[in-house]
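What follows is a short report on a single structure.
The values are calculated or read from the model by the stated rules, or taken from the named source; none is laboratory data. Quick caveat, the model's predicted, so the values are computed rather than measured. Don't worry about glycine lacking a Cβ; one is built from the backbone with ideal geometry, like all the others, and counts go over all protein chains shown. Surface accessibility is based on the protein's heavy atoms, side chains included, excluding ligands, DNA and RNA. Shrake-Rupley method; radii C 1.70, N 1.55, O 1.52, S 1.80 Å.
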Amino acid sequence: MITSLRIAFLPVGAYALFKNGGDDSTWQIISWWIFFILGLSDILDGNLARSRNSITEFGKFLDPIADKAMIGTAMVSLSILGRMPWWITIVIMAREIGITLFRLAVIKRGVIPANRGGKIKAFFQGFGVGFYVLPLNESLYWFRDSFMAVAIILTLATGLQYVLSAFKTNK
C-alpha cells in the first residue's frame with residue numbers, strides 16, 4: 001500500500017518543481033521535501049515488510065518500479081526545466097528501464113531482489129537528483145555534479161552486475 005501511495009504522489013512532487021515556471025526556490029524546496037518524504041517512505045515500507053514478515057513477490061517487484069518512477073519523474077522534470085542535462089536522464093533511465101524489462105523477461109524464474117549495490121546506487125541517485133532539485137548556490141555545483149557522477153558510475157556498474165547475477169543464478 002505504501003508503495004502504491006508513493007507512486008500516486010509523484011505528480012505532486014513534479015507539480016511543485018514546475019510551479020511558477022520552475023524558478024521559484026520556495027517551490028523547489030517544497031518539491032525536494034516531497035521527493036525526500038517519498039524516499040523515506042520507501043525505507044519505512046521495507047522495514048515494515050521485514051518486521052511483519054510480509055515480504056511478497058509482488059512487493060519485491062513493485063518497489064523497484066516505484067523507485068525508478070520517482071527518480072524518473074524528478075529527472076525528466078529537471079531536464080525539461082533545463083536544470084539537469086538530458087544525457088544524464090537518458091543514461092540513468094535507459095539503465096533503469098532496461099533492468100525493469102529484463103526483470104520482466106526473467107520473472108518466470110523468480111524475482112531477483114535488490115542487492116546491496118542496488119541500494120547504494122539508489123542512495124546516490126536519490127541524493128544526486130535531490131541536489132539538482134534544490135536551489136543550490138553555484139559554488140556547490142561541483143559537489144552536486146560529483147555526487148551525480150558517482151551515481152552514474154554506480155548505475156551502470158550495478159546494472160551490469162544485476163544482469164550477470166541473473167545469468168549465474170540461471171545456470
Failed criterion for I55 (all others in (1) within 21 Å of S165 (Cβ to Cβ); (2) part of a helix (DSSP H, G or I) hold): (2)
Any hit, the range 119-129, residues being more than 22 Å from S31 (Cα to Cα) and in a helix (DSSP H, G or I): yes
All positions within the range 47-72 that are over 20 Å from G159 (Cβ atoms) and either open to solvent by less than 70 Å² (accessible area, probe 1.4 Å) or not small (G, A, S) (or both): N47, L48, A49, R50, R52, N53, S54, I55, T56, E57, F58, G59
Residue under evaluation L17, criteria (1) under 18 Å from T155 (Cβ atoms); (2) in contact (Cβ under 8 Å) with a residue 12 or more places away in the chain, criterion not met: (1)
Qualifying positions in the range 20-35 - touching a residue at least 60 places away in the same chain (Cβ under 8 Å) and surrounded by fewer than 16 Cβ atoms within 10 Å (Cβ to Cβ): S25, I29
Out of L40, L17, L10, sole residue that is open to solvent by 60 Å² or more (accessible area, probe 1.4 Å) and under 18 Å from the mean Cα position of the chain (by Cα): L40
Residue list for the range 77-104, restricted to those being of a type in the set (A, V, I, L, M), part of a helix (DSSP H, G or I) and open to solvent by less than 60 Å² (accessible area, probe 1.4 Å): L78, I88, V91, I92, M93, I99
Looking only at the range 140-166, and only at residues there that are among the polar types (S, T, N, Q) and surrounded by fewer than 17 Cβ atoms within 10 Å (Cβ to Cβ), the one that is nearest to G126 (Cα to Cα): S146
